[in-house]
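Some notes on the structure that comes next.
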Amino acid sequence: MNNKERYKNTFSQIRPSDKSVERVIDMTKNKKSRRIRFSPFIAATACAAVIICSIIGGGAVSARINTVDPSTVTKSGTTGVLSKITDANVLIAYAGDESVKAKPLKLNVATPLKSNITITDIKGKSEKEIEAIVEQNRNKVEADIENADTATWSIERLDNILFSCVIYDYFAIKVDDPNTIESIEMKCNTDYWKFTYQNSNEELSKRFTHGNDLKVDGEELVQIMNKYESDGYFKVELDHDAAFCNAVDKNPDIDLSTFDDTLTFTINHKDGTKAQSVININYDKDGNFSATAVAASKS
Amino acid sequence: MTESIFEDAVNRNSQSLFLIAYSYTQNHCDAEDIMQNTFIKLWNYKKTFYDDEHMDRWLMRVCINESKDSFKSVFRKKSVPLDEANELAHFDKHFNIDLFRAVSSLPKKERVVIHLFYYEDLPIKEISELLNTKESTVKSLLKRSRQKLKLMLGDEWINE
C-alpha cells in the first residue's frame, strides 16, 4: 500500500455527521433567506469611509449590490486605495457588578472596537478588473488579520465603490451566571444600525439574529452560552443596517453626524434588578469612528 | 440554482470539504460549521458554473477561505474533546491511528498541503493556486512534512 492509499484509507473514515449534511439539504427548503453572509460584520467606519470616498471621487453611491464571490478573482490590477485605521474603547453593562451604580464600567480593554478599511473606486472598471481588486483586498485582509485574536471582515460592492473592512473585536456583555438573567435587551436609537449575534437556532439560514431592537431571553441565553465559547461573555457585533446605505445612496454628501446613534444595553435580572449602559457612537469630521459610554445605571 | 443541482453538489463534496476544514481546525464541530457555511455560499451564489468540476473547485476555494476565517471568528462552538476509544470503534481495519496522529501533530500549513496532495490528489500548481501561495512554498511544505512523517512513522511511510 502506498502513502496515498494509506492516507485515503485513514482519513476517508473521518466524516461529517449525517445530521450536519441533512441540515444543508434542508436549507434549500427555505428559499426566503438568500443573502450571502460574506461577513458577519460591516463596521460603522466602513460606511463612513464609503461616504468620504464618494465625496472625494465625486461620484454618487447608489443601489447596493450583493457581495462578491471570493474565488472569481485574478491576480492583477491596481487601483486607488484609501486606508484608515480607527479604534474606539466602548463601555458596557456588567451584570451583577455593584460599581455600575456610581460610574460606567469599561469594557474589557482587550476588546476595543477597531477597524481597518479599504475603499476602492470601481467606476468604469470591468468585471475582471473588479475581481482582481477583490483578490487584492482579500490578500490585504488576510495580512491584516494574521496576528489578530478575533476579526471579522467583509468586501462589499456598491455601484461605484468596493469597500473591504476588517473589524477587530465586538461588544461583550459580561454574564456571570446566565441562569439569573431574565433577558438582555439591545437597542439602537436610529434605523442606521443593527446588532448581530449567533443564536441557538440549528437551522442554517436562521443561525444569526439581526436587529436594532433585540431581546434575548434567559433561556436562549443559557443555550447560547452553553453552545459557543463564551469566556463568560455574551458576544454581539454591531453592523450598519440597510437604512444607512439607502441614506448614502440618496445623498453622498450627507453629513456624517446623521449616523450618530445611541446604543442601550440592558440586563434584566430575575430578581427584578437591572443593569444598563448607554453608548454613543459617532464620527468625527474625518470619518473616524468612536464609541463612548455616556451613562450606566443599576436599579 | 435548482435544488437537485445543489443536492448533487452536497452529496459530491460534503466529505471532501469537511476534511479540508478538519485539516485546518482539527475540530469536528468547527469543521462541520465551515462545511455548512461553504454550502450556504453555494446556495446563495448567483453566477453559473461551467461544469461540476468548476463548481467543485469553487467550493474548495471557498472552504479554504472559510477555514482561514474561522480562526478569527467571534462565534466559535465549544470544542468537544475527541473520545478516541469511542471514535476508533467506528473505524475499520484500514484506519491507521499512527498516521492519523502523525498528521495531526503537523503544523496547520503542513497538514493542509499534505491533505490536498494525498487525499485530493491535487498537483502542486493547483494547491498553490488554491492556497494563494507560491509553488516553491508548497513544495517546501510538502518536503518538510514528508520528512516529519517519515521520522514519526518509520517503515509505515514510504520515502518519495
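Within segment B:107-160, how many residues are away from every other protein chain (no Cβ under 13 Å) and among the hydroxyl-bearing types (Ser, Thr, Tyr)? Count: 3.
Let's see how each residue does on (1) surrounded by fewer than 15 Cβ atoms within 10 Å (Cβ to Cβ); (2) within 22 Å of A:Asn280 (Cβ to Cβ); (3) of a type outside the set (A, V, I, L, M, F, W, C); (4) in contact with a Pro (Cβ under 9 Å, 6 or more places away or on another chain):
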{"position": "A:Ser200", "(1), (2), (3), (4)": "no, no, yes, no"}
{"position": "A:Leu204", "(1), (2), (3), (4)": "no, no, no, no"}
{"position": "A:Asp217", "(1), (2), (3), (4)": "yes, no, yes, no"}
{"position": "A:Met225", "(1), (2), (3), (4)": "no, no, no, yes"}
{"position": "A:Glu229", "(1), (2), (3), (4)": "yes, no, yes, no"}
{"position": "A:Phe244", "(1), (2), (3), (4)": "no, yes, no, no"}
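Among the residues making up segment A:1-11, those that are over 36 Å from the mean Cα position of the chain (by Cα) and either at pLDDT 90 or above or at the interface with chain B (Cβ under 7 Å from one of its Cβ atoms) (or both) are A:Asn2, A:Asn3, A:Lys4, A:Glu5, A:Arg6, A:Tyr7, A:Lys8, A:Asn9, A:Thr10. Applying the condition of being of a type in the set (Val, Ile, Thr) and out of contact with any Asp or Glu (no Cβ under 6 Å at 6 or more places or on another chain) to segment A:195-222 and asking which residue is nearest to the other protein chains (Cβ to nearest Cβ) yields A:Thr209. Of the residues making up segment B:119-133, at least one is among the aromatic types (Phe, Trp, Tyr) and within 19 Å of the chain's Cα centre (by Cα). Look at B:Phe95 and say whether it is assigned to a loop (DSSP other than H, G, I, E, B), at pLDDT below 95, under 18 Å from the mean Cα position of the chain (by Cα) and within 18 Å of A:Asn2 (Cβ to Cβ). It is true that B:Phe95 is assigned to a loop (DSSP other than H, G, I, E, B), at pLDDT below 95, under 18 Å from the mean Cα position of the chain (by Cα) and within 18 Å of A:Asn2 (Cβ to Cβ).
For every residue, the table says whether it meets (1) of a type outside the set (Asp, Glu); (2) in contact with a Cys (Cβ under 8 Å, 6 or more places away or on another chain); (3) at pLDDT 75 or above; (4) buried (at least 17 other Cβ atoms within 10 Å of the Cβ).
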position	(1), (2), (3), (4)
A:Asn139	yes, no, yes, no
A:Ile173	yes, no, yes, yes
A:Pro178	yes, no, yes, yes
A:Phe195	yes, yes, yes, yes
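If we scan segment B:140-155, do we find a residue that is touching a residue at least 60 places away in the same chain (Cβ under 8 Å) and assigned to a helix (DSSP H, G or I)? No, because not a single residue in segment B:140-155 is touching a residue at least 60 places away in the same chain (Cβ under 8 Å) and assigned to a helix (DSSP H, G or I).
The values are calculated or read from the model by the stated rules, or taken from the named source; none is laboratory data. Quick caveat, the model's predicted, so the values are computed rather than measured. Cβ coordinates were reconstructed from backbone atoms using ideal geometry, including for glycine residues, and neighbour counts include every protein chain displayed.
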